[in-house]
Amino acid sequence: MSFLPPLRVARTLWTVQFAYMAEYRAEIALWALSGVLPFIMFGLWSAAAADGSAAAHGSVAGGGGPLLGLSAAEFARYFVCAFVARQFSVVWVVWQFEEDALEGRLSPYLLQPLHPLWRYVAAHLAEQATRLPFALVIASGFFLLQPQAFAWPAPGRLLLGVLSVGLAFAIHFLLQSLIATLCFWSERASALERLFYVPYVFLSGLVAPLQAFPPELQRLSLHTPFPYLIGFPAQVLAGMPMGGEAPFSLAGGLAAMVLWLLLLVPALLLLWRAGVRRYSAMGA
Amino acid sequence: MATVMARGLRKTFRVADKQPGLAGTLRHLVHRRWRSVQAVREVSFSIEAGEVVGFLGPNGAGKTTTLKLLSGLIHPSGGELAVAGHRPFRRERAFLESITLVMGQKQQLIWDLPPLDSLRVNAAVYGIPEREARRRIAELAEMLELGEELTRPVRKLSLGQRMKAELMAALLHRPQMLFLDEPTLGLDINAQARVRQFLADYNRRTGATVLLTSHYMADITALCPRVLLIHEGRLFHDGALAELSERLAPWRQVRLELARPLSAAQLAPYGEIEALEGCEVRLAIPRERLTATITRLLAQLPVLDLEVSDPPIEELIGRLFRQGSLEPAPR
C-alpha cells in the first residue's frame with residue numbers, strides 16, 4: 001500500500017472532511033473556546049506577579065526580570081501564542097481511531113489503497129481550518145483586553161512560527177497515532193493516552209513557559225517531545241529571545257522537531273505493520 | 001484457472017473468558033483466562049473467475065471470517081490462500097484495486113454528508129479520472145435506481161437507499177472480486193429483490209466473481225449456482241444448491257389428501273409422518289423407495305390427491321443447524 005497520497009487524493013480528502021467539519025462548526029467553536037487554559041494561566045501568573053511572588057518565580061527561572069525574565073507584554077504574548085499553537089496542534093486521532101476500530105469502520109479503510117491514517121490527517125487539517133475563525137476571534141478578544149501584548153512578529157519569525165506549529169502538530173499526531181495503533185492489541189488504547197496528559201500539560205508550555213521550571217527539569221524535558229508541542233512554537237511566534245540563556249535555540253528547536261519526526265514516522269509504520277497482523281476486524 | 005484458491009485455511013482467535021459477577025470480575029483482573037476459538041478449520045476450496053458463490057451457515061459458523069480472510073482484512077493462522085494471484089493479507093495496491101468487501105450495514109459512507117462526497121473520495125483514492133468517475137456514478141445510480149438520494153446526507157436515507165449507496169461506493173472502482181457479507185440484511189422484500197437483481201446484472205456485465213453470505217435463502221437461490229456450507233469453521237458442502245438439498249434430505253415430501261382420516265399407525269408403514277391433520281397428511285419418503293411407496297399408497301389407501309415435492313431448502317438447513325452435527329464434506 002502506498003504511504004504518501006497523491007495531490008488529488010489529499011485535496012479531495014481535505015475538501016470532503018472540511019464539508020464534514022463544517023457540519024459540526026458549533027461544536028468546534030466550543031472546542032476552540034475550551035482551549036483558553038493559556039489565558040487562565042496568564043491571569044494566574046499575572047496575579048502572582050502582582051502580589052509580589054513573581055520575584056521568587058523569576059529567580060527560579062534565573063531571569064531576574066519582571067516575570068520569569070519576560071516583560072509583561074512578552075509574557076502576555078507568549079500565552080496568546082501558546083493558545084494559537086495549541087489550537088492548531090490539537091490531536092484527537094486516538095479517540096476517533098478507537099471508535100472506528102470498535103465499530104468496524106476501520107475495515108473498509110484498511111481495504112482501500114490508501115494508508116488509513118491519511119484520512120485522520122485530513123480530518124484534523126479540515127478541523128483546524130474550521131476552527132481558524134473561532135480561534136482568531138478568541139485571540140482578538142484577548143488582544144482587546146491586553147493591547148500591550150499585540151505585536152506583529154517579523155516575517156521570518158512568523159514563517160518559522162507557522163512552520164513550527166505545523167511540525168508540532170505532526171509530532172503530536174504521530175505520538176497519538178502510536179497509541180492509537182495499540183488499538184490493534186487493546187480495545188481501550190485511548191486510556192494509555194492519559195499517561196501523556198500530565199507531562200503534556202506541564203512540559204508542553206501550556207501552563208507556563210519552560211523558563212518557569214528548574215534548569216534541570218528544563219534540560220530533561222528538552223529530551224522529550226513535550227516542549228516542542230506548544231512551548232517552542234509559541235516562543236517562536238511570540239518573537240521571544242532564542243539561544244543563550246533561553247531554554248530553546250531556534251535552529252536547535254527546529255532540528256529537534258525534525259529528529260522527533262524522523263524517529264516517530266518509522267516507529268509508527270513498524271507498529272502499524274505489526275498491529276495490522278493482529279487485527280481481528282472486531283465489530284465488523 | 002481458479003481466481004480463489006484456499007487450501008487448509010485456518011483462523012484461530014484468542015479470546016478472554018470471564019465469568020459473571022464480582023468474583024468473576026476479580027478473577028478476570030488477577031488471572032485472565034484465554035481460550036482459542038477456531039473460527040475456520042482446514043477449509044479448502046477453489047473458485048473460478050466469474051462464479052457467484054454463496055456461503056451458508058449459522059451465526060458463528062465462520063462465513064464472515066472466511067470472507068475477511070479472502071479479502072485480506074485479517075491474517076490467516078495457517079494454510080494457503082491466493083486470491084486473484086495475490087496473497088490477500090499483503091494488501092498490495094493491485095490486489096486492493098481488484099476487490100471490494102461489503103459488510104452489511106458497516107458503512108464506508110460519511111454519515112453527515114451526501115453519498116456523492118464519499119464517492120468523490122473513493123474516486124480519488126482509486127485514481128479514477130473525474131470524468132470517468134462521473135460516468136460510473138451515473139451508470140451505477142441508474143442500475144440501483146438512485147437519484148436525488150445521492151445529494152442528501154447519508155443519515156437522511158432509508159436503510160435500503162443507504163445499502164444501495166454503500167454498494168455504489170464499494171463498486172465504483174469496478175472490482176473483479178466482490179466479497180459481500182449479508183448485503184440484504186435488514187432490507188424490505190422489494191429492496192432485497194432490487195439489490196439481488198443489481199448483483200446479478202453486475203456479475204453479468206463485468207464478469208466479476210461474487211462471494212456472498214446471506215441469511216436469506218432467497219439471495220442464495222436467486223444468485224448462487226454454487227454454495228459452500230460452513231459449520232463450526234468446517235466446510236460441509238461445496239456444490240450446487242440442489243446437490244445440497246439431496247444430501248441433506250435423501251427423502252421427498254409426499255402430501256396426501258385422503259377421503260377419510262387415518263390413524264398414525266395406519267400411515268407409519270409408508271414413511272415418516274411429518275404432519276397429520278384430519279385428511280391432510282405429509283409424509284417423508286426415502287428417494288429410493290419413492291415410486292414403490294407411491295404405488296402402494298395409491299393402491300392401499302383412499303387417496304384423493306397426491307403431490308410430491310422437495311423439502312424447502314430453508315427448512316433443511318434450519319434443521320441441520322438446529323441438530324448441529326455435521327460431517328465435513330470429503331475433500
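Checked against (1) of a type outside the set (Ser, Thr, Tyr); (2) open to solvent by 60 Å² or more (accessible area, probe 1.4 Å); (3) over 18 Å from the mean Cα position of the chain (by Cα), residue B:76 passes all but a single condition, namely (2). Run residue B:175 past the list (1) open to solvent by 10 Å² or more (accessible area, probe 1.4 Å); (2) at pLDDT 90 or above and report the number of the one that doesn't hold. Only one criterion in (1) open to solvent by 10 Å² or more (accessible area, probe 1.4 Å); (2) at pLDDT 90 or above is unmet by residue B:175, namely (1). Filtering the stretch A:183-203 to residues that are open to solvent by less than 50 Å² (accessible area, probe 1.4 Å) and in contact (Cβ under 8 Å) with a residue 40 or more places away in the chain leaves A:183, A:184, A:189, A:190, A:193. Scan the stretch A:184-208 for residues that are among the hydrophobic types (A, V, I, L, M, F, W, C), under 14 Å from the mean Cα position of the chain (by Cα) and under 24 Å from residue A:96 (Cβ atoms) and the total you get is 3. Of the numbered criteria (1) open to solvent by 30 Å² or more (accessible area, probe 1.4 Å); (2) closer than 22 Å to residue B:123 by Cα; (3) not hydroxyl-bearing (Ser, Thr, Tyr), the one residue B:156 fails is (2).
Each residue in the stretch B:100-113 was checked for being within 7 Å of chain A (Cβ to nearest Cβ), in contact (Cβ under 8 Å) with a residue 60 or more places away in the chain and closer than 14 Å to residue B:64 by Cα, and 2 pass.
Scanning the stretch B:197-239 for residues that are open to solvent by 30 Å² or more (accessible area, probe 1.4 Å) and within 30 Å of residue B:294 (Cβ to Cβ) yields a single hit, B:221. Scanning the stretch B:281-305 for residues that are free of Cβ contacts under 8 Å to residues at least 40 places away in the same chain and in contact with an Asp or Glu (Cβ under 6 Å, 6 or more places away or on another chain) yields B:282, B:284.
Looking across the stretch A:1-46, the residues that are facing another protein chain (nearest Cβ under 8 Å) and of a type in the set (A, V, I, L, M) come down to A:1, A:9, A:13, A:16, A:19. Can you confirm whether the stretch B:39-60 contains a residue that is aliphatic (A, V, I, L, M) and within 20 Å of residue A:276 (Cβ to Cβ)? The answer is yes; a qualifying residue exists. Taking the stretch B:161-175, which residues are away from chain A (no Cβ under 13 Å) and over 19 Å from the mean Cα position of the chain (by Cα)? Once the filter is applied, which keeps residues that are away from chain A (no Cβ under 13 Å) and over 19 Å from the mean Cα position of the chain (by Cα), the stretch B:161-175 yields B:161, B:162, B:165, B:168, B:174. For residue B:48, the conditions (1) more than 24 Å from residue B:200 (Cα to Cα); (2) within 20 Å of the chain's Cα centre (by Cα); (3) exposed (fewer than 14 other Cβ atoms within 10 Å of the Cβ) all hold with the exception of (1). Being more than 14 Å from chain B (Cβ to nearest Cβ), surrounded by fewer than 23 Cβ atoms within 10 Å (Cβ to Cβ) and basic (Lys, Arg) is a property that does not hold for residue A:86.
Taking the criterion of being open to solvent by 10 Å² or more (accessible area, probe 1.4 Å) and touching a helix residue (DSSP H, G or I) at 6+ places or on another chain (Cβ under 7 Å), the residues of the stretch B:79-90 that qualify are B:81, B:84, B:86.
Taking residue B:158, is it of a type in the set (Gly, Ala, Ser) and within 13 Å of chain A (Cβ to nearest Cβ)? Answer is no for this residue.
Count of the stretch A:209-260 residues, restricted to those that are among the aliphatic types (A, V, I, L, M), over 15 Å from the mean Cα position of the chain (by Cα) and part of a loop (DSSP other than H, G, I, E, B), is 5.
Among residues belonging to the stretch A:96-110 that are charged (D, E, K, R) and either touching a residue at least 60 places away in the same chain (Cβ under 8 Å) or in a loop (DSSP other than H, G, I, E, B) (or both), point out the one that is least open to solvent (accessible area, probe 1.4 Å). That would be A:98. Give the residues of the stretch B:62-94 that are part of a loop (DSSP other than H, G, I, E, B), at the interface with chain A (Cβ under 9 Å from one of its Cβ atoms) and in contact (Cβ under 8 Å) with a residue 12 or more places away in the chain, sorted by residue number. If the condition is that a residue be part of a loop (DSSP other than H, G, I, E, B), at the interface with chain A (Cβ under 9 Å from one of its Cβ atoms) and in contact (Cβ under 8 Å) with a residue 12 or more places away in the chain, then B:72, B:73, B:74, B:75, B:91 are the ones that fit.
If we scan the stretch B:194-201, do we find a residue that is in contact with a strand residue (DSSP E or B) (Cβ under 7 Å, 6 or more places away or on another chain) and either touching a residue at least 24 places away in the same chain (Cβ under 8 Å) or among the basic types (Lys, Arg) (or both)? Looking for residues that are in contact with a strand residue (DSSP E or B) (Cβ under 7 Å, 6 or more places away or on another chain) and either touching a residue at least 24 places away in the same chain (Cβ under 8 Å) or among the basic types (Lys, Arg) (or both), one finds at least one in the stretch B:194-201, hence yes.
In summary, residue A:114 fulfils each of the numbered conditions (1) within 14 Å of chain B (Cβ to nearest Cβ); (2) surrounded by fewer than 18 Cβ atoms within 10 Å (Cβ to Cβ) with the single exception of condition (2).
Whether a residue is surrounded by fewer than 23 Cβ atoms within 10 Å (Cβ to Cβ) and more than 14 Å from every other protein chain (Cβ to nearest Cβ) was assessed, and residue B:97 does not pass this test. Of all the residues in the stretch B:117-153, those that are open to solvent by less than 60 Å² (accessible area, probe 1.4 Å), within 11 Å of chain A (Cβ to nearest Cβ) and assigned to a helix (DSSP H, G or I) number 9.
The values are calculated or read from the model by the stated rules, or taken from the named source; none is laboratory data. Keep in mind it's a predicted model, so treat the numbers as computed, not measured. Every residue, glycine among them, receives a Cβ derived from its backbone with ideal geometry; neighbour counts consider all protein chains shown. All accessible areas refer to the heavy atoms of the entire protein, side chains included, with ligands and DNA or RNA removed. Shrake-Rupley method; radii C 1.70, N 1.55, O 1.52, S 1.80 Å.
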